[in-house]
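The values are calculated or read from the model by the stated rules, or taken from the named source; none is laboratory data. None of these values were measured; they are calculated from a predicted model. Counting neighbours? That spans all protein chains shown, and the Cβs are built from the backbone with ideal geometry, glycine included.
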Amino acid sequence: MHYRNSKILQLANALLDFVLILLAYFCAGSLRVVIPLGAAFFLVDRTRFFPVSVLYAVVIVACYAFAGDYDTLHQRSKVKGTVKLMVRNLIGFALVATILYVFGLQQFSRLLLIYFYLLSTLFILIKRLVLDQVATAYVRRRDMAARFLLIGSGALAQRVYADVMQQNSLDIKYVGYLAQTPSEALPGYLGTVGELQNILLTMHIDRMILAEDTQNADEMRRIVAIADSYHIHVSVVPVYNDFSSTHTPPSVYRGIQMVDLSMRQTCEIMGVNIFVTDMDKTLSLIETQLEKWRGKYICVANVHTTVTAHEDEGYRSIQNNAAMALPDGGPLSQFSREHGFAEAQRVTGPDLMREILKISAEKGWKHYFYGSTPETLQTMQQKLLERYPGVQIAGMMSPPFRELTPQEDAEIVEQINAAKPDFVWVGLGAPKQERWMAAHENRVHALMIGVGAAFDYEAGNIQRAPQWMQKHNLEWLYRLMQDPKRLFKRYLNTNLKYLIWTWRH
């Protein structure tokens, strides 16, 4: 049961979580007093550390809001919901632990924090299960779910069923499908399209979705005519769905309606046009446009760079003038999906560099690496040659950690161009690398891609977060735990601003 437009209900839900988390703290404090493990702990200590519990509750509720948990009361999967809850509470646990470490509050009871994490997770889980049952009973009692009939049985229909019908949403009730022949991949075969009128006489249908791989105009007219007589809404999933933007209204020329198709769709986030894509689409686009994009640059955007661009007009212009601003940060692709771009996926700089290096020998592409330290570049070169047999490294350069003179800069450009690379990978860190690429647009005769810490990852200086953390958009947390003193202030500042902006939008 969605209530995106009901801010009051969302705030009430968040406030209830906040209260339950504080209640969990008092229970955890009492449990710490009763169970004699570790140093002595008294009720007065529970009161003394109460501000930390408030901070923990604020962080946890912010994580829930950031992840969109307050958009619905319904839990699509109990198991997945529980895992996500534990992961998000773990974020709060790690952030509070980091704060305690940064500010030197070692006297705080670690055992109390563990009890607090476990009890707060339990309390919120129970609350969500209860509200899920209440929401389910409410919708079912009023029979509020719209009944959907699917027409088609091919690959397109199967995709619609998997992505839309099979999500167990309370808003949708799948009643079956019509096709010339049954398909083992779809449940609920009701007959052929020729039997549509008889089916509508015996079944209540609110909406029909036409998802046929081969769309026959005469058949579609008959379906729409029958649906109109029953006041049933009809939607058509075009076979060119992957190339059409959900945010592009159809154009009408002399009575003919047209839909613009494009391989490049963007979602505006805080004024930055974030490319709507996935890894396969990105690789395909780079391969087809490589010659055209020589001298251009690609940015990989995350929450930090997006907030920075929002506050800095010049940096925002650099991001928007790039050939692409890829969603390196998981929250950016998640925002795009929540605003109508279902195909939006995260494409990180390190992953993109790795995927392009994998196919470089086959394509004959040459690479130049600009940034980091000489030691890192030397180590990375050895490992690249081992991991990607046949890869062509045109050159590497570690620029000095100071502003270059115009003569030095011209010499660097000349050296890069003399190596004739196809790609120049720039690892200077944001926002420095984006400013460098923009300043060298059309001067460097290769496609420049800013990849942040990718050099350190390939060299083994920094470990990538485990796959489960990457999957749940927690790589930033992993990096924070590796270098809390440097990253804590940055993440606190930019993540909080992004959270406030997304909450308002």
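Cβ-Cβ under 6 Å, sequence separation 6+ or interchain: first residue in region 422-438 and in contact (Cβ under 8 Å) with a residue 12 or more places away in the chain, partner of a type in the set (Ser, Thr, Tyr) and assigned to a helix (DSSP H, G or I). Which pairs? Here the result reads ALA430/THR305; PRO431/THR308; PRO431/TYR315, each pair linking region 422-438 to a residue that is of a type in the set (Ser, Thr, Tyr) and assigned to a helix (DSSP H, G or I).
Among the residues of region 176-191, none is identified as loosely packed, with under 12 Cβ neighbours inside 10 Å and under 15 Å from MET208 (Cβ atoms). Only one of the numbered conditions (1) at pLDDT 95 or above; (2) more than 20 Å from HIS367 (Cα to Cα) is not met by MET397, and that is (2). Restricting attention to region 330-352 and to residues that are touching a Gly at 6+ places or on another chain (Cβ under 9 Å) and modelled with pLDDT of 90 or more, the residue that is farthest from TRP503 (Cα to Cα) turns out to be PRO350. For region 417-505, the helices (runs of 4 or more DSSP H) that sit wholly inside it and include 1 or more residues that are outside the structural domain of TYR370 (by TED's automatic domain parsing), under 30 Å from VAL61 (Cβ atoms) and of a type in the set (D, E, K, R) are 467-471, 475-482, 484-504. State yes or no: is ALA459 under 15 Å from PRO350 (Cβ atoms), surrounded by 15 or more Cβ atoms within 10 Å (Cβ to Cβ) and touching a residue at least 60 places away in the same chain (Cβ under 8 Å)? Judged against the criteria, ALA459 is a match. Cβ separations smaller than 7 Å between residues 6+ apart or across chains give the following pairs from region 115-131 residues that are hydroxyl-bearing (Ser, Thr, Tyr) to residues that are in a helix (DSSP H, G or I) and surrounded by fewer than 20 Cβ atoms within 10 Å (Cβ to Cβ): TYR115/LEU31; THR121/MET86. Selection over region 343-364 of residues that are hydroxyl-bearing (Ser, Thr, Tyr) and in a helix (DSSP H, G or I) gives a count of 1. Working only within region 171-198, note down all residues that are in a strand (DSSP E or B) and touching an Asp or Glu at 6+ places or on another chain (Cβ under 8 Å). Residue satisfying the conditions is LEU178 alone.
As a summary of the residue check, ALA418 satisfies the conditions (1) surrounded by 14 or more Cβ atoms within 10 Å (Cβ to Cβ); (2) hydrophobic (A, V, I, L, M, F, W, C); (3) farther than 30 Å from PHE66 by Cα except for the one numbered (1).
Total residues in region 183-226 satisfying the condition of being touching a Leu at 6+ places or on another chain (Cβ under 6 Å) and at pLDDT below 90: the figure is 1.
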